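The values are calculated or read from the model by the stated rules, or taken from the named source; none is laboratory data. These numbers come from a predicted model, not from an experiment. Cβ placement follows ideal geometry from the backbone for every residue including glycine, while neighbour counts extend to all protein chains displayed. Just the protein is used for accessible areas: all its heavy atoms, side chains included, with ligands, DNA and RNA removed. Shrake-Rupley method; radii C 1.70, N 1.55, O 1.52, S 1.80 Å.
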Amino acid sequence: SGEKWDFVLVSDIHEMGSEKETKRKKFLDELSKKGFAIKKIEDTKLFYGVRAPEQVFRKYQCLLGKPDRKLQNENSPQDIPVTTRIRIVHFILQNTVTPDLEKLGDLMKKKVFEAAFPLHEKEAVREFLKVKWARWRGLFNKQPIGKIRCYFGEKVALYFVWLGWYTYLLGFAALAGVLTFVAGITLFNSSQVSREICEANATIMCPLCDKKCPYWVLSDTCTYAKVTHMIDNEATVLFAIFMALWATVFLELWKRQRATVVTDWDLYGWDEEEEELALELINNLQHEPRMYHHSYLRSTIVLLLVLLVITVLIGIAHALVIYRVIARALFAQSSLGLLRDQADTVAVMTGAVLHYITIVIMTKINRRVALFLCDLEKPRTFSQRENNFTMKIFTFQFFTNFSSLIYIAFFLGRINGRPGHYVRVAGRWRLEECHPSGCITDLFIQMAIIMLLKQTISNVMEYLIPWVSHKLRKKQKRPQKRSLILGEEEEAEDPCKRQWLSNYELNEVNVFSLFNEFLEMIIQYSFTTIFVAAFPLAPLLAFLNNLFEIHLDAIKMVRLHRRLVPRRANDIGIWLQVLEAIGILAVIGNGLVIAITSDFIPVQVYKYMYGPCVGQNHTDVDCSMGYINHSLSVFRIRDFEPDMGPGLAATGLCCRYRDYRNADDYTYTMQFWHIFAARLAFLIIFEHVALCAKLIAAWYIPDVPQKIKNELLCRKHTDLRKELRWVMPWKVPG
C-alpha cells in the first residue's frame, strides 16, 4: 500500500450510543483536532490507522535537530527516521487527554481500546533482519547492530550490543572454569584427603538420623569424597580471584564498547530530559513541566515494605530448609532400600526442584509488589519509574534466587549441634548435616540443578509460549468470508487490512518486554559470578545458553511479537549500577565460599600447624597425611539422648563425627579456634586483595577510548569555529 500508517488502534465493535463507543469517539476526535489522519477498517474488530501530521515532526526537528540540519531539511521532513516517528506518535497517543480527563492507558483499562501498536513494515531492514539475524542458522554471525537500531530503536540495539559483548567475554571465563574443572579431575584419584577417606574402613561414624539410621563406615562415602575434592582444591581459589577480576574487566570494557557505539550513533551527549520536555511541548504548548520532589515519609514507608518483602522471601528459604529436614527423616525411614540409602541426596535434589518452583511463582508475585511500591513513590518520569522498579525487582529476585543457596553455603551443618545435643525443628527433627567430606558438594548440586533447570525449562517456555500462542491467534482470528447477501458486489479488500490483521495476530508486547530479557540475563550473571567457586562450570553453561538466547530474543522480536515502540537511550541505564553491585557481591560471596564452605582453610591449617611436616623437613611425606582422622571428633555412645541413638550393643563404645571437640566434655578444642581465626584472616585478605585488584583494573582501563574523546573534541572545535564564522564578516576593517 502506498499509504504509511504510524500506529494502529484496535477496539471491539461496541453498540451504538454505548458508553464505550462515546469514549472511543471522544478520543479519536481529540486526535483529529491535532491534525491526525484516521482510517477505519472493519473486520471482527475495528481497526483505526492513525498518521501524524508533518508539522509535528517539523517541530521536533526544530527543537532537537542540530542547528545545521535545520537549514537542510526545511522542505523535506520525511528525512526523519521511522523509529523517531513511531516514538513521537506513541508519546502523543499516550498523552492525549479526552474531555473526561482520560488518557489512552485509562481507556485500555476500561476495554474501550484493546490494543495499540506500531506496524511491522515490509521494509528492507526487516527482511534483512529476518534472513540474516532472526533465525537459528545465523548462530555465529556478527549481529547487524546498525540495522537493529534502524528498526527497533537504540534501547533494543544497546541490549543486543550488551548481550553480545557479555557472551563474548563469557567465553574466556568459561575456558578458565573448564580448566579449573579439568585440573580438579586430574586430582580426582591423587588427592591425599580423599584417599584417606577411601581407606578408612575401620572408622565408625555416628548415625546421620534418629532411630532407624545405622552406624556407618567412613569409607562408604569414597566416591562422594572424590567428587568433593574435584571441586574443592587450590585451583578453585585462583579461579575465584580470576572471576572477581573478570567481572570488573567486563564492566570496564563494556563502558568503552558503549561509548564507541553511542558516539557512532551521535548520541553521546544526548539529554533525556530535553527530549521529554520537547515531546511534551509538541503534544501541548500549554504544558507545565513536572517538578522534582522528594518525600522522606514516602521513602521510609517504601523502605519498610521492601524489608518486609525480603523477610518473607527469607522465610520461604527457611521453609525449604525445614522441608529438606522433614523429607530426609521420612526418606530415611522409607521401606525402599535405594531411597533409604540415598535419603540425603534425594532430599537435596527434591529441595532444589522445589526451590526452582518457588523461584517461578515468586517472580510473578515480586513483579506485582514492585509495581505497587513504584506507584507509591510517584516517580516523575517514565525512566525514573523504570529505574525504581529495576532496583526493587532486582533486590526481590536476588533474595528469591539466592537465599536458599546462602543457607546451604554458610549455615548448613554449622548450626546443628553435636551428637547427644542436636538442634531440632519443633523438638523432633534433627537439622541436616553436611556430608562428611565437606559442604561444598551440596552447594554444587544445588547450583547445577537450578542453573540447568533455569536455562533449559525457562528458555524452552520462553520460545514455545509465544510460538504456540501466535499459531492459536492465527487460527482464531481468520474470519470466514461473509457470504454475499442479496448479490451485493463484494468490495475489493483494502490492502492495509491484511497487514493490520497479521500484525494484530502477533503476541502483545509491553513496556516490560525488554526489561524481562535484561532481568533474566542479570540474574544469570549473578549465578555465574557470586558462587562460582562452588560451581566452576557456571560460566560455561551461561555461555552456551547465551548463544541461543541472542537468537531466541531476535526471533521473538522480529517474527513472533508485535513491533516494540522504539525508545532512545545512550546506555543501559541503572543496570550498570546493578552489575557493579553484583561485582562486589561476587568478591564477598566467593571469599566466604572458600573461607567457610570449602575445606581449603582447615587443610592448610593442618598442614602447617599440626601435620607430619611441622618441625621436620620430610620431602617424601604428603603434608596433609592424617588430616581426616584429625578432623573427626570422638563421641561416647552412652551419651546419646535416650531413645534416639540405635542400640548400644551395635558396635564398640565410640563413634566419630565431623567437628573439633574434646572427647571428655565436648567443648571446642584449640584447633577449632585456630581454624576459625585462619578463616577470618583469609576472608579479610582475600576480599581486600580482590577489591584492590578490581579498583586497579577500573583505574587502568579508561571508560572512554581516546579515539572517541578526540573525535568529540574535534566536533566541539568545528562547531565553535562555525559559530564564529557568522560573526567575522561584520568585523570593522582595522
> Across the range 417-433, what is the number of residues that are under 33 Å from the mean Cα position of the chain (by Cα) and either buried (at least 21 other Cβ atoms within 10 Å of the Cβ) or closer than 23 Å to D664 by Cα (or both)?
Replying inline: 2
>> Checking the condition part of a helix (DSSP H, G or I) and at pLDDT below 90, which residue from T300, T263, T311 passes?
In response: T263
> For the range 129-154, which residues satisfy the criterion of being open to solvent by 50 Å² or more (accessible area, probe 1.4 Å) and either closer than 24 Å to R256 by Cα or hydrophobic (A, V, I, L, M, F, W, C) (or both)?
Replying inline: V131, W136, F140, N141, K142, K147, R149, C150
> So which of F398, F411 is open to solvent by 50 Å² or more (accessible area, probe 1.4 Å) and modelled with pLDDT of 80 or more?
Replying inline: F411
> Can you tell me which residue in the range 9-33 is farthest from the chain's Cα centre (by Cα), limited to those that are aliphatic (A, V, I, L, M) and open to solvent by 30 Å² or more (accessible area, probe 1.4 Å)?
Replying inline: M16
> Across the range 213-241, which residue is nearest to L691 (Cα to Cα) among those that are under 32 Å from the mean Cα position of the chain (by Cα) and surrounded by fewer than 17 Cβ atoms within 10 Å (Cβ to Cβ)?
Replying inline: L238
> Is it true that A259 is surrounded by 14 or more Cβ atoms within 10 Å (Cβ to Cβ), touching a residue at least 12 places away in the same chain (Cβ under 8 Å) and under 25 Å from E580 (Cα atoms)?
Replying inline: yes
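Considering each residue of the range 357-382, count those that are part of a helix (DSSP H, G or I), open to solvent by less than 30 Å² (accessible area, probe 1.4 Å) and farther than 20 Å from M461 by Cα, and give that number.
Adding up the residues that qualify gives 3.
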>> Kindly evaluate K109 against the criterion of being at pLDDT 85 or above and open to solvent by 60 Å² or more (accessible area, probe 1.4 Å).
In response: yes
>> For the list (1) part of a loop (DSSP other than H, G, I, E, B); (2) open to solvent by 50 Å² or more (accessible area, probe 1.4 Å), I need the number of the one condition that D210 fails.
In response: (2)
> List pairs: first in the range 46-66 and farther than 11 Å from I80 by Cβ and surrounded by fewer than 17 Cβ atoms within 10 Å (Cβ to Cβ), second modelled with pLDDT of 85 or more and basic (K, R), Cβ under 8 Å, 6+ apart or cross-chain?
Replying inline: P53/K34
> So is V369 hydrophobic (A, V, I, L, M, F, W, C), farther than 27 Å from N416 by Cα, touching a Phe, Trp or Tyr at 6+ places or on another chain (Cβ under 8 Å) and touching a residue at least 40 places away in the same chain (Cβ under 8 Å) or not?
Replying inline: yes
> How many residues are more than 40 Å from the chain's Cα centre (by Cα) and either modelled with pLDDT under 80 or among the aliphatic types (A, V, I, L, M) (or both) when one looks only at the range 51-83?
Replying inline: 11
> Can you find even one residue in the range 20-38 that is of a type in the set (S, T, Y) and not in a helix (DSSP H, G or I)?
Replying inline: no
> Do we have F91 as assigned to a loop (DSSP other than H, G, I, E, B) and closer than 30 Å to K20 by Cα here?
Replying inline: no
